[in-house]
Amino acid sequence: MTPRARNPYTATFVAAGGIGDYTYALQSGALPAGLAIAEDGSLTGTPTQYGTFEFTVIATDEEGFTGTRAYTLTVVSPELALSAKFLNGTSGTDYPSTTVSTSGGSGPYTYSITGGKLPTGLTLSNGGVISGRPTGSGRSSFSVTSVDAGGATVTAEYSITIRSAAPAPAPTISLAPGVLPDGDQGVAYRQVFTATGGTAAYTFTLSGGLLPAGLTLASDGTLSGTPTEHGTFNFVVAARDSNGFAGNKDYVLFVGTTFIQMRTSEVNRSFMSHRADVLTSQGPNRLQVHNRFGGMSGGGSQMSGGGNVPFSVGMTGGDDDGPTKFSFATSLRQMMQASNSQKFTPKDANRMALGGADAGNSTATSGQNFDFWVEGNITHFRGDETRAKGDVTLLYVGADYLVTPGLLIGALIQFDRMDETSKAFGSEVSGHGWMAGPYMSARLTPNLFFDARAAWGKSDNQTSPFGTYTDNFDTTRWLAKADLTGNWEFGAWRFTPSAGLSYYEDEQDSYVDSNGITIASETVSLGRFTFGPEFGYRFQTADGSTIEPFVGLQGIWDFDRDAAVVNGIETGGDEVRAKGSLGLSVISPWGYTIRGVASYDGIGSDDYEAISGQLWVNMPLN
């Protein structure tokens, strides 16, 4: 009888031809697991393996004689059985999990579909569990095969019927937010749309209207970008859930112009503030005028030249945060004096100023009551937190008349051009303009001079606040200045105090920029008071040269200053600070004049510092 795995089995070996009783044993080969040979020759047990097994049995009688025989035993696989009870399902509804089970073999068991197919949406796990959500309807037939741990298999046929689901009502899908926050042209914008009422996940699309240029709507509902236009924009956003149901909502997005207006105004104002500082700080050389009164003794750092020269030149060099300046000056009177000059003598050094006569020599102005003059300079500046730099060119053309030995009146016109770039903000601004008006100078006492000037004018400017487009704007401006300068000598010592008051105002006209945005008008003003003494000590060398070292301290008080703020960074210096200077003047007996000054500007200031040096060299050309 052929044994079956997992079933009890019994067989008996019998020997003949020997003497007495026999004993039996397995001589070689292997029995199926679960079977064993007893000494009496019985083969018993329950085989747990199946297959074909070859082995040899030995029999021994009472005299010790033996006999052997080879055997072949085939154990067939166990009889497996599958059992399952499948329920009908409904399309679109989770199917109640059903487990297929196996009996008659040795676990663990594995399961697979070996014929037909399950309803769409259902799966059979390796452990025999059928689950999922059917998406179709109808009857599906399929075969399930189970394999036990020993490799025995069993296959059974099954079927499942899926009923059609009743149509579900479409869900109401709602979108949020209800209202969009406003945007601003040139400023990054981000808003996330969400949806409720359907089955996640949702997909978002623009189903009507237009977004502002620069904004895009992603499928996950993120509206983002930087708008490059302004106005009111109407559009519709649709949200579709995982079952294909959709909802939509109308939106209105307002994109303003605050950022463009603010940055443009900040950049323009910074430019106008820097220009106000330059135009207020600089002006025609007053010492050229004072020498029309017959010269002033001393001179020090106030002295702009010496000897009879047709023109004067100079250069000022600063550190990385200070200005660099080149300047020149000449006048009809200066050229006439140069052409009629006589040999310069050591006594002329006592004047240390422009002009060819003593203070008391009335011939100094004889025939020269009228004067026409030209003066100009170019200044390069850079510094402050905005990393701004630029150039300023100034040209003064004037004419004056010496009414009395102590009073001079005249008129001048000023031409200026300035450009400024900021690496921090990528902006570029440039402008050119003019100012015209009267001026006067009076010698109040032999040692005290008063100067005043008023001017009015306009400027034409180009601005590129972001470096991407350029617009034009005009300004109207005026300037008023008054200075009081004294000069006293006490032996070889010189004391030269001065005080000055100036006020400047520049009004920008409103304009419409390249974006169609109105840039409002604004006014920049600067009121400045300067004051301070200068001390010098004069001595002569053996060759007749006059040398005067001097030291000066000037206080600077901006009592009316409109601070320019660009992106939260305030440009310009403090309201109150001081400037110190050291210098040396040398006049040779042959008419050569050399003057050098080193200055430090920023005493008492926390965020402003400028170190500069100035050198003037005047020489006669005949």
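What to note about this one:
- Residues of the stretch 383-404 satisfying the condition of being loosely packed, with under 15 Cβ neighbours inside 10 Å and either at pLDDT 90 or above or closer than 23 Å to THR475 by Cα (or both): ALA399, TYR401, VAL403, THR404
- For the stretch 482-498, the criterion of being open to solvent by less than 40 Å² (accessible area, probe 1.4 Å), of a type in the set (Asp, Glu) and either in contact with a helix residue (DSSP H, G or I) (Cβ under 8 Å, 6 or more places away or on another chain) or modelled with pLDDT of 95 or more (or both) is satisfied by at least one residue.
- Of the strands (runs of 3 or more DSSP E) that lie entirely inside the stretch 452-561, those containing 2 or more residues that are under 46 Å from the mean Cα position of the chain (by Cα) span 471-486, 498-508, 522-532, 546-561.
- Considering the stretch 1-34, the residues that are within 11 Å of VAL75 (Cα to Cα) and of a type in the set (A, V, I, L, M, F, W, C) include one that is surrounded by the most Cβ atoms within 10 Å (Cβ to Cβ), namely ALA5.
- Counted residues, the stretch 185-221 - those being over 26 Å from THR264 (Cα atoms) and either in contact with a helix residue (DSSP H, G or I) (Cβ under 8 Å, 6 or more places away or on another chain) or assigned to a strand (DSSP E or B) (or both): 14
- Annotation for the stretch 109-127: at least one member residue is touching an Asp or Glu at 6+ places or on another chain (Cβ under 6 Å) and open to solvent by 30 Å² or more (accessible area, probe 1.4 Å).
- Looking only at residues in the stretch 93-108 that are part of a loop (DSSP other than H, G, I, E, B) and loosely packed, with under 14 Cβ neighbours inside 10 Å, the one that is modelled with the lowest pLDDT is GLY107.
- For the stretch 438-480, a residue qualifies if it is in contact with a Ser or Thr (Cβ under 6 Å, 6 or more places away or on another chain) and in contact (Cβ under 8 Å) with a residue 40 or more places away in the chain, and the qualifying residues are PHE449, ASP451, SER459, PRO465, TYR469, THR470, ASP471, THR475.
- Within the stretch 35-58, considering residues that are among the small types (Gly, Ala, Ser) and over 12 Å from VAL75 (Cβ atoms), the one most open to solvent (accessible area, probe 1.4 Å): ALA36
- Residue match in the stretch 171-182 (condition: surrounded by 12 or more Cβ atoms within 10 Å (Cβ to Cβ) and closer than 30 Å to ASN88 by Cα): yes
- Among the residues making up the stretch 73-92, those that are of a type in the set (Gly, Ala, Ser) and in a loop (DSSP other than H, G, I, E, B) are SER77, ALA84, SER91, GLY92.
- Filter pass, GLY307 being modelled with pLDDT of 50 or more, part of a loop (DSSP other than H, G, I, E, B) and of a type in the set (Gly, Ala, Ser): no
- Residue identified as in contact with a Pro (Cβ under 7 Å, 6 or more places away or on another chain) and either of a type in the set (A, V, I, L, M, F, W, C) or without any contact (Cβ under 8 Å) to a residue 40 or more places away in the chain (or both) among ALA388, ALA399, ALA424, ALA411: ALA411
- Top-ranked residue in the stretch 59-92 [being touching a strand residue (DSSP E or B) at 6+ places or on another chain (Cβ under 6 Å), among the small types (Gly, Ala, Ser) and open to solvent by less than 70 Å² (accessible area, probe 1.4 Å); ranked as farthest from ALA11 (Cα to Cα)]: SER91
- Residue match in the stretch 152-160 (condition: under 26 Å from THR228 (Cα atoms) and either at pLDDT below 90 or in a strand (DSSP E or B) (or both)): no
- Checking each residue in the stretch 237-267 for being open to solvent by less than 40 Å² (accessible area, probe 1.4 Å), part of a strand (DSSP E or B) and more than 21 Å from GLN185 (Cα to Cα) picks out VAL237, ALA238, ALA239, GLY247.
- Each residue in the stretch 204-228 was checked for being in contact with a Gly (Cβ under 9 Å, 6 or more places away or on another chain) and surrounded by 15 or more Cβ atoms within 10 Å (Cβ to Cβ), and 8 pass.
- So THR145, is it under 30 Å from ASP220 (Cβ atoms) and in contact (Cβ under 8 Å) with a residue 12 or more places away in the chain: no
- Unique residue being over 30 Å from ALA11 (Cβ atoms), part of a strand (DSSP E or B) and touching a Lys or Arg at 6+ places or on another chain (Cβ under 7 Å) when the list is SER112, SER140, SER131: SER140
- Residue in the stretch 460-471 that is open to solvent by less than 30 Å² (accessible area, probe 1.4 Å) and either farther than 22 Å from GLY426 by Cα or aromatic (Phe, Trp, Tyr) (or both) present: no
The values are calculated or read from the model by the stated rules, or taken from the named source; none is laboratory data. In this text, all values refer to a predicted model and were calculated from it rather than measured experimentally. Every residue, glycine as well, gets a Cβ built from its backbone with ideal geometry; the counts of neighbours run over all protein chains shown. Surface accessibility is based on the protein's heavy atoms, side chains included, excluding ligands, DNA and RNA. Shrake-Rupley method; radii C 1.70, N 1.55, O 1.52, S 1.80 Å.
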